[in-house]
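**Student:** Input: one structure, supplied below.
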Amino acid sequence: MDVKEIESRLIALETRNAVDDVHRGNVGERLGAIEDALGWLVRLIIGGLLVAALTYAVQGGLVG
């Protein structure tokens, strides 16, 4: 191997590592956004179930 070939391989490796670092950062941000959205979705579902139960109870569903 000559010096030029080693340099080109090193440059390619450094470039690949830089791209991988950026990719990991983007994936982390996207996963965080997905986790936030799922958290709000769970809150909305639980809130809807609580409101439905409260509505049922207020309309006399527990008296029967």
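**Student:** Report whether or not L54 is of a type in the set (A, V, I, L, M), out of contact with any His (no Cβ under 7 Å at 6 or more places or on another chain), without any contact (Cβ under 8 Å) to a residue 40 or more places away in the chain and open to solvent by 90 Å² or more (accessible area, probe 1.4 Å). Explain how you work it out, then say what you get.
**Tutor:** Values: of a type in the set (A, V, I, L, M): yes; out of contact with any His (no Cβ under 7 Å at 6 or more places or on another chain): yes; without any contact (Cβ under 8 Å) to a residue 40 or more places away in the chain: yes; open to solvent by 90 Å² or more (accessible area, probe 1.4 Å): yes.
Criteria met by L54.
**Student:** Looking at G32, G61 in this structure, which one is open to solvent by less than 60 Å² (accessible area, probe 1.4 Å), part of a helix (DSSP H, G or I) and of a type in the set (G, A, S)?
**Tutor:** On the way: G61 fails: part of a helix (DSSP H, G or I).
Going through G32, G61 in turn, just one is open to solvent by less than 60 Å² (accessible area, probe 1.4 Å), part of a helix (DSSP H, G or I) and of a type in the set (G, A, S): G32.
The values are calculated or read from the model by the stated rules, or taken from the named source; none is laboratory data. All values reported here derive from a predicted model rather than from experimental measurement. Here Cβ is always computed from backbone atoms with ideal geometry, including for glycine, and neighbour counts include all displayed protein chains. Quick note on the areas: whole protein, heavy atoms, side chains included, nothing else; ligands and nucleic acids left out. Shrake-Rupley method; radii C 1.70, N 1.55, O 1.52, S 1.80 Å.
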